[in-house]
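The next block holds one structure in the form of structure tokens; read it before the comments.
The values are calculated or read from the model by the stated rules, or taken from the named source; none is laboratory data. Keep in mind that what you see is a predicted model, and the values were worked out from it rather than measured. Here the Cβ positions follow ideal geometry from the backbone for every residue, glycine too, while neighbour counts run over all protein chains shown. Remember, those area values only see protein heavy atoms, side chains included, never the ligands or the DNA or RNA. Shrake-Rupley method; radii C 1.70, N 1.55, O 1.52, S 1.80 Å.
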Amino acid sequence: MSDCLFCKIAAGELPSKKVYEDEYVYAFEDINPVTPIHILFIPKEHISGASEITSENSAVVSKIYEAIAKVAKEKGLDKSGFRVVSNCGADAGQTVFHLHFHLLGGTKLNWP
Ligand code: 5GP
Ligand code: ZN
């Protein structure tokens, strides 16, 4: 999508600190981290949010979780623990309308 921030980041048209990339998935450091490790995982294909996942596009979600597991291990988070969050819509505070999963870790997390 031409005016989407995360589409531009995935395409390399805007700078980011890349952590992981494959054919379907791009991962990069959040610009405003809320935990010592805060990485965003996005599909390269534009999907506006979790409410727009369908049987046609859902395969990328498992690709994203495979990437999350790989990066979590690389960062040692499989030992310490981590959280994966996807905010969807106004009540959740979604601010970028391209599906993304926050990988949060490196500290003890409170809930909610
Ligand atoms: P949301 O609030 O939609 O769940 O999360 C959007 C996330 O994207 C926020 O954590 C925010 O800090 C991050 N973000 C927004 N703009 C940029 C950007 O230009 N670059 C990077 N790396 N992260 C961004
Ligand atoms: Zn997009």
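The table below lists the values:
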item: Solvent-accessible area per residue for the stretch 1-92 (1.4 angstrom probe, square angstrom); result: 60 Å²
item: Gyration tensor verdict on the stretch 3-112 (Cα atoms; rounded if a/c is under 1.5, prolate if a/b is larger than b/c, oblate otherwise); result: rounded
item: For the chain, with +1 on Lys and Arg beta carbons and -1 on Asp and Glu, the positive-most of G89, I68, G49 along the dipole; result: I68
item: For L99, residues with placed amide H under 5 Å, excluding near neighbours; result: I47, S48, G49
item: Where Cα atoms sit under 16 Å apart: lysine pairs in the chain separated by 8 or more or lying on different chains; result: 13
item: From phi via Karplus (6.51, -1.76, 1.60), per-residue ³J(HN,Hα) for the stretch 22-36 in Hz, x at Gly/Pro; result: 9, 4, 10, 10, 10, 9, 8, 5, 5, 5, 10, x, 9, 9, x
item: Euclidean distance of C-alpha centroids, the stretch 1-46 and the stretch 58-72, integer Å; result: 14 Å
item: Approximate spin-label separation T107-K8, in nm, with each point projected 7 Å along Cα-to-Cβ; result: 2.9 nm
item: Stokes-Einstein D for the stretch 56-99, Kirkwood Rh over Cα pairs, 37 °C, 0.692 mPa s (µm²/s); result: 269 µm²/s
item: Length-normalised contact order of the chain in % [C-alpha pairs under 8 Å, at least 6 apart]; result: 30 percent
item: Estimated distance in nm for a label pair at T95 and E66, the labels positioned 7 Å out from Cα along Cα-to-Cβ; result: 3.2 nm
item: Ellipticity estimate at 222 nm from DSSP helix runs (n ≥ 4, -39,500 (n - 2.57)) divided over the chain, nearest 500; result: -6500 deg cm²/dmol
item: Lys, Arg +1 and Asp, Glu -1 on Cβ, resulting dipole of the chain about Cα centre, debye, nearest 20; result: 520 debye
item: Environment charge at L77 (Cβ cut-off 12 Å; Lys +1, Arg +1, Asp -1, Glu -1); result: +3
item: Isolated Cys residues of the chain, judged by Cβ distance under 4.7 Å to other cysteines; result: C88
